[in-house]
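Accompanying notes for the structure given below.
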Amino acid sequence: MRNAFIKTLVECARVNDSIFFISGDVGYSVVEPFAEQFPDRFLNIGIAEQNMTGVAVGLAKEGYNVFTYSIGNFPTLRCLEQIRYDVCYHNASVKIVSVGGGFAYGPLGASHHCTEDIGILRTIPNMVVSAPGDPLETSAIVRWMCNIPGPGYLRLNKGGDRVIGEMGTILVPGAPREVRAGRDLAVIASGAILEYSEGAIDTLLPGAALYSMPVISPIDALRVVQLARQFERIITIEEHQLNCGMGSAIVEVVSDAYAEGILNRVPCIKRIAIPNRFTSVAGTQAYLRQMNGLILQP
Amino acid sequence: MSMRPIDLSLRIRKKALQLCHEKGASHLGGALSVADVLAVLYGEVANVNPKNPSDASRDRIFFSKGHACSAMYAVLQELGFYSGVEDKFAQNGSIFTSHVSHMVPGIELSTGSLGHALPIAAGTALAAKRKGERWKIYTILSDGELDEGSNWETILFAPHHALDNLVVIVDFNKIQSFGTVAEVLALEPLAKKFEAFRWRAIEIDGHDHAAISAALARAASASDGIPTAIVAHTIKGKGVSFMENKLAWHYKSPNADEYRAALAELEGV
C-alpha cells in the first residue's frame, strides 16, 4: 500500500501542481520518488507532528492540497487537536496519511499499534476517513483525495500487500466494494484485514459475500441500507478497537434506518474487532490479530 | 487607509473596555496590553484591505492569543472591516465569539486553543517562499502560550527553512492564567532563547509606538533568511491604573463604576 500510495501521488502531482507532501521524518526507500521529482513541493519536516499539521494548514490556506505522512498514531493522535481545530474546523485541504494501521508494526509494541484512529477521527466534522483494503483501493482513494478540497485521513498498512479481488467496476469512493458475491451472509471488511478475510471465507464461510469498506466516514448509508435489506446476517471485521470503528458505523446506519422506518427489519450484525484492550506482547500482525480474536468463524 | 497609531490605540482600548463591560466578557487585561502593538501594526505597517479581506497580496496577520479578541475585533472595526461589533459581540447566534473567529472578516484564523497559530503562520510563510510572494506574515503570541511545546517545534523549524518573512510578536505582559509567568513557568531570558534557536530577537517597550514601528520595520526589511521575534515588554491592563499588573483582570468584567472610572482614565479626564 505504501508504494501504491506514493506511486499514485507522484502521478497526480505531475498534473496537479497543488499537491504538497510533508513527511514526519519517515519514508526511507518509499517516498524518495516524490522528493526527487517535486523538490519544491516536498518537505521532510522532522519529528514534530504538531508543527507538521500546522504547517500543512498554512500551506493549504495558500492553495496547496497537502499530504502529511508518518507512522501509526504520530500524524493523528499525537496532533489530534491540530487536526480537529486547525484542519477540520477551518476545512483545510490537508490529507493525513498514516502508515502502519492496525497491527502492521505489531512487534514494535503498543506505541506502534494504530487501533483507535478510525473511531477518533470519524467523530470530527468535515473529516473523510478511509482505510483501503489493497493497493488498488489505495490508488483510487489517493486519486480522489488529490481532487477534493478539505480534510482527509488515509490509513495504510505497510509494504507487500497484494491486490484482492478485481476492481471490475470503477471504485466509487465511499461505496462498499463487492469482492465476492454471495447470499444470506455478508462479510464486510475494512482495511488490510481484507486479505485475511478473502482467504478465510472460502473454508470457513462458503457462500458468503465479501465486501470491502474502504471509506468509513462519511459512510455510504444508502449502500449500507441496501446490504441490510439484502442479507440476513452481516459480519464486520476490522483491525481496530470494537468501540467506534467501521462495525460501529454500520450498526449506527442500520439502527438509524430502522428507527426512521427506512428498514422494517434489521439483520443480525456481528462485529469482529479488538476487544477494547491494549496488546502488551510482541507478535507479527497475523499473531496479534489472532490473539485479539480477529478471526472469522463458521 | 492608515490611521495614526496614537489615535487607534486609544480607540482599541475604549472599545475593548466597552465590549467587556457591556457583554460581561473576560480577558480585558491582555487586550489592553496588546493594544499598542495592534495599533502600530494595523495603523501603520501592515498591508490589509478592509474592502477585500482575502486580497491575495495582503499581509497575513495571525492572532494567536485569541482570548484577547476584544482588542482584535476593535481594531478591525476601526479599520472598516465591519461595523456593529458592540451589538453582536458574544451574543447568541453571533459570529463574534469570545475567542477570535475566522468567520469574521479580517481574521485569518480562529484561535483560542493556545500554541496553534505559529505553526500555521510558518506554513503560510513557507508557501510565500515557495511561490515567490513578497507579503509578510505576522503572528501575535501571548507569553503564557509559550508554555506550549507546539510553539517550540515551530521556533526550531522557521530558521531552518530561512523564513525571514515570518515575524513573531510576543505580548510579554508577565501574567498568565493563574499566576505570573515568572512563578508559573519562567520564560526569561526569552530573547536569548529565540537567539539560541537562530532567530533575530528585538526587545522593546511594547507600549512605545516608535519602538514598535522601528522593530516592525527592521523585521519587514529582513532578507537574510532569519525570522524575527519581537519581544514586546508590556503591562497587563495597560492604561487603566487599577487594572495594571493585576491577575484578576484576566477574568473580571468591569462593572458600571469600574467602566466609568477606566474610561475617564483612558480619556485623561
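The values are calculated or read from the model by the stated rules, or taken from the named source; none is laboratory data. In this text, all values refer to a predicted model and were calculated from it rather than measured experimentally. Please note: Cβ atoms are built from the backbone with ideal geometry, for glycine as well, and neighbour counts cover all protein chains shown. SASA here: full protein model, heavy atoms, side chains in, ligands and nucleic acids out. Shrake-Rupley method; radii C 1.70, N 1.55, O 1.52, S 1.80 Å.
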Of the candidates B:178, B:197, the one satisfying the condition of being in contact (Cβ under 8 Å) with a residue 24 or more places away in the chain and over 27 Å from residue A:47 (Cβ atoms) is B:178
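Looking only at residues that are under 27 Å from residue A:275 (Cα atoms) and aliphatic (A, V, I, L, M) in the range A:82-107, which one is farthest from the other protein chains (Cβ to nearest Cβ)? It would help to see each step written out before you state the result.
Narrowing the range A:82-107 to residues under 27 Å from residue A:275 (Cα atoms): A:83-84, A:96-107.
The next check asks that each one be aliphatic (A, V, I, L, M); those that pass are A:83, A:96-97, A:99, A:104.
Values: A:83: 11, A:96: 14, A:97: 17, A:99: 21, A:104: 26 Å.
Going through the qualifying residues, I end up with A:104.
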- Task: Check whether at least one residue in the range A:282-291 is assigned to a helix (DSSP H, G or I), of a type in the set (S, T, N, Q) and in contact (Cβ under 8 Å) with a residue 24 or more places away in the chain, and report yes or no.
- Result: yes
Taking the range A:20-41 and keeping residues more than 9 Å from every other protein chain (Cβ to nearest Cβ), open to solvent by 20 Å² or more (accessible area, probe 1.4 Å) and more than 15 Å from residue A:96 (Cα to Cα) leaves A:28, A:29, A:32, A:33, A:35, A:36, A:37, A:38, A:39
Taking the range B:226-254 and keeping residues within 18 Å of the chain's Cα centre (by Cα) and outside any loop (DSSP other than H, G, I, E, B) leaves B:228, B:229, B:230, B:231, B:232, B:233, B:249, B:250
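Scan the range A:4-19 for residues that are in a helix (DSSP H, G or I), of a type outside the set (D, E, K, R) and surrounded by fewer than 16 Cβ atoms within 10 Å (Cβ to Cβ) and jot them down. So that I can check it myself, show each step before the final result.
As a first pass, look at the range A:4-19 and keep what is in a helix (DSSP H, G or I): A:4-15.
From what is left, the residues that are of a type outside the set (D, E, K, R) are A:4-6, A:8-10, A:12-13, A:15.
A:15, the sole residue that qualifies.
Test of understanding: among A:277, A:223, which residue is out of contact with any helix residue (DSSP H, G or I) (no Cβ under 9 Å at 6 or more places or on another chain) and within 27 Å of residue A:108 (Cα to Cα)?
Values: A:223 fails: within 27 Å of residue A:108 (Cα to Cα).
Just one listed residue meets the conditions, A:277.
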Per the filter on the range A:42-56, residues surrounded by fewer than 23 Cβ atoms within 10 Å (Cβ to Cβ) and in a strand (DSSP E or B) are A:42, A:44
Counted residues in the range A:65-106 being in contact (Cβ under 8 Å) with a residue 60 or more places away in the chain, open to solvent by less than 20 Å² (accessible area, probe 1.4 Å) and part of a loop (DSSP other than H, G, I, E, B) come to 4
Of (1) open to solvent by 60 Å² or more (accessible area, probe 1.4 Å); (2) more than 22 Å from residue A:114 (Cβ to Cβ), residue A:207 satisfies every one except (1)
>> When you check residue A:59 against the structure, is it in contact (Cβ under 8 Å) with a residue 24 or more places away in the chain, open to solvent by 10 Å² or more (accessible area, probe 1.4 Å) and more than 13 Å from the chain's Cα centre (by Cα), yes or no?
In response: no
Taking the range B:183-211 and keeping only residues that are of a type in the set (Gly, Ala, Ser), under 21 Å from the mean Cα position of the chain (by Cα) and outside any strand (DSSP E or B), one is left with B:186, B:191, B:206, B:210, B:211
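Only one of B:43, B:30 is surrounded by 24 or more Cβ atoms within 10 Å (Cβ to Cβ), assigned to a helix (DSSP H, G or I) and in contact with a strand residue (DSSP E or B) (Cβ under 7 Å, 6 or more places away or on another chain); which?
B:30
Counting just the residues of the range B:150-162 that are of a type in the set (A, V, I, L, M, F, W, C) and facing another protein chain (nearest Cβ under 10 Å), which one comes out surrounded by the fewest Cβ atoms within 10 Å (Cβ to Cβ)? It would help to see each step written out before you state the result.
We begin by selecting, within the range B:150-162, every residue of a type in the set (A, V, I, L, M, F, W, C); these are B:152, B:155-158, B:162.
Those still in the list that are facing another protein chain (nearest Cβ under 10 Å) too: B:152, B:155-158.
Values: B:152: 18, B:155: 22, B:156: 14, B:157: 26, B:158: 30.
Result: B:156.
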Of the conditions (1) open to solvent by less than 20 Å² (accessible area, probe 1.4 Å); (2) out of contact with any Lys or Arg (no Cβ under 9 Å at 6 or more places or on another chain), the single one that residue A:131 does not satisfy is (2)
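Consider the range B:119-145. How many of its residues are among the hydrophobic types (A, V, I, L, M, F, W, C), within 14 Å of the chain's Cα centre (by Cα) and more than 7 Å from every other protein chain (Cβ to nearest Cβ)?
Here is the first cut: in the range B:119-145, the ones among the hydrophobic types (A, V, I, L, M, F, W, C) are B:120-122, B:125-128, B:135, B:137, B:140-141.
Still in the running and within 14 Å of the chain's Cα centre (by Cα): B:121, B:137, B:140-141.
Retained after the next criterion (residues that are more than 7 Å from every other protein chain (Cβ to nearest Cβ)): B:137, B:140-141.
Residues in the range B:119-145 being among the hydrophobic types (A, V, I, L, M, F, W, C), within 14 Å of the chain's Cα centre (by Cα) and more than 7 Å from every other protein chain (Cβ to nearest Cβ): 3 in total.
Output the helices (runs of 4 or more DSSP H) that fall wholly within the range B:49-149 and possess 2 or more residues being in contact (Cβ under 8 Å) with a residue 12 or more places away in the chain and buried (at least 24 other Cβ atoms within 10 Å of the Cβ), or say none.
Details: elements: B:69-79, B:85-88, B:117-131.
Of the helices (runs of 4 or more DSSP H) lying wholly inside the range B:49-149, those with at least 2 residues that are in contact (Cβ under 8 Å) with a residue 12 or more places away in the chain and buried (at least 24 other Cβ atoms within 10 Å of the Cβ) span B:69-79, B:117-131.
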Of the conditions (1) of a type outside the set (A, V, I, L, M, F, W, C); (2) more than 20 Å from residue A:74 (Cβ to Cβ); (3) open to solvent by 10 Å² or more (accessible area, probe 1.4 Å), the single one that residue A:111 does not satisfy is (2)
Residues in the range A:244-276 that are exposed (fewer than 13 other Cβ atoms within 10 Å of the Cβ), free of Cβ contacts under 8 Å to residues at least 24 places away in the same chain and either among the acidic types (Asp, Glu) or within 23 Å of residue A:192 (Cβ to Cβ) (or both) total 1
Over the range A:156-183, the set of residues open to solvent by 20 Å² or more (accessible area, probe 1.4 Å) and of a type in the set (Lys, Arg) is A:158, A:162, A:180, A:183
